Each structure stands twice: as C-alpha cells, then as structure tokens.
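Some notes on the structure that comes next.
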Amino acid sequence: MTAPTTPDMVLLCYCSCPDAASAQAIATALIDERLAACVSRLPGISSTYRWQGTVTTDSEELLLVKTTAARFDALKARLLQLHPYELPELIAVPVNFGHTVYLDWVRQAVGD
C-alpha cells in the first residue's frame with residue numbers, strides 16, 4: 001500500500017551501502033544531478049538480514065536522502081544504476097511535519 005502524495009511532498013529516503021566509497025559516490029551523484037537536496041551519511045551501522053537463505057550481519061553506511069515525490073522516480077533509477085548491491089535498500093517516507101523553511105529549501109534545491 002502506498003500513501004497518497006503530491007509532487008511537492010518532501011520524502012526522506014533510506015539506503016544502505018556496503019562502504020564509504022559507494023555511499024559517497026551515490027551521494028555526490030544525487031546532489032550533482034539535483035535528485036536530492038541533501039544526503040546525510042551515517043557510518044558504522046550494522047545490518048542483520050536474511051539473504052539467499054543465510055542470515056548475515058554486515059557493516060554498512062546508511063544514506064538519509066532528502067528529496068521530493070516529483071524527483072523520486074528519477075532518484076530511484078539513478079540510485080539503482082549506481083548501487084553495487086544486487087537488491088539495494090530504498091525506502092521513502094513522506095515528511096508530514098518539519099521546519100517549513102527547511103522543507104521549502106528541499107523543494108527548491110531539487111526543482112528545475
């Protein structure tokens with residue numbers, strides 16, 4: 001089920017990366033191409049998951065990507081193109097509340 005969105009709705013997207021180099025490459029591309037207003041990198045996370053029948057724990061770096069619903073499909077396509085994982089995590093959460101001036105800045109930063 002997907003939540004109703006408007007094109008100017010700000011989204012907070014989560015994406016885990018295997019290392020700092022891939023996280024930085026993705027972050028830089030998303031900013032350079034105006035697909036994201038800001039990408040925050042959180043190093044040193046530990047993810048435990050089941051993959052191809054085996055439970056695995058890996059060190060990762062988490063990206064917190066700020067964008068809009070209007071830019072999400074292009075962001076998703078670019079992220080999937082750049083990401084080294086076979087099945088990258090990409091979860092977008094609508095921002096229902098926030099500092100209005102910051103949210104307006106996000107919209108402006110990814111606009112044309």
* Determine the gain in length on full extension of the stretch Arg34-Thr100; use 0.36 nm per residue of separation and subtract their C-alpha separation, reporting nm with one decimal. => 21.8 nm
* Asked: What does the helix-only formula give at 222 nm for the chain: each DSSP H stretch with n ≥ 4 adding -39500 (n - 2.57), the total divided by the residues, and the result rounded to the nearest 500 deg cm²/dmol?
  -> -10500 deg cm²/dmol
* Structure fact -> With the 8 Å Cα cutoff and a minimum separation of six or more residues, region 17-109 has a relative contact order in percent of 35 percent
* To do: Set the Förster radius R0 to 30 Å, insert the Cβ-Cβ distance between Thr56 and Thr5 as r into 1/(1 + (r/R0)^6), and round the FRET efficiency to 0.05.
  => 0.35
* Structure fact -> Between the alpha carbon centres of region 94-112 and region 27-44 the gap in Å comes to 15 Å
* Dipole moment magnitude, nearest 20 debye, the chain about Cα centre, only Lys, Arg, Asp, Glu C-beta charged -> 180 debye
* Return the distance in nm (one decimal) between the two label points of a simple spin-label model at Ala109 and Leu64, each offset 7 Å from Cα along Cα→Cβ. => 1.2 nm
* Asked: What ranking, highest mean first, results for peptides 80-86, 42-48, 21-27 when packing means the other Cβ atoms within 10 Å averaged over each residue?
  -> 21-27, 80-86, 42-48
* To do: Could you work out the mean projected area of the convex hull around the alpha carbons of region 17-109, in square nanometres to one decimal?
  => 6.5 nm²
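Just so you know, all these numbers are worked out from the coordinates, no wet-lab data involved. The shown structure was predicted, so the numbers you read here are calculated from the model rather than taken from an experiment. When we count neighbours, we look across all protein chains shown, and the Cβ atoms used for this are built from the backbone with ideal geometry, even at glycine.
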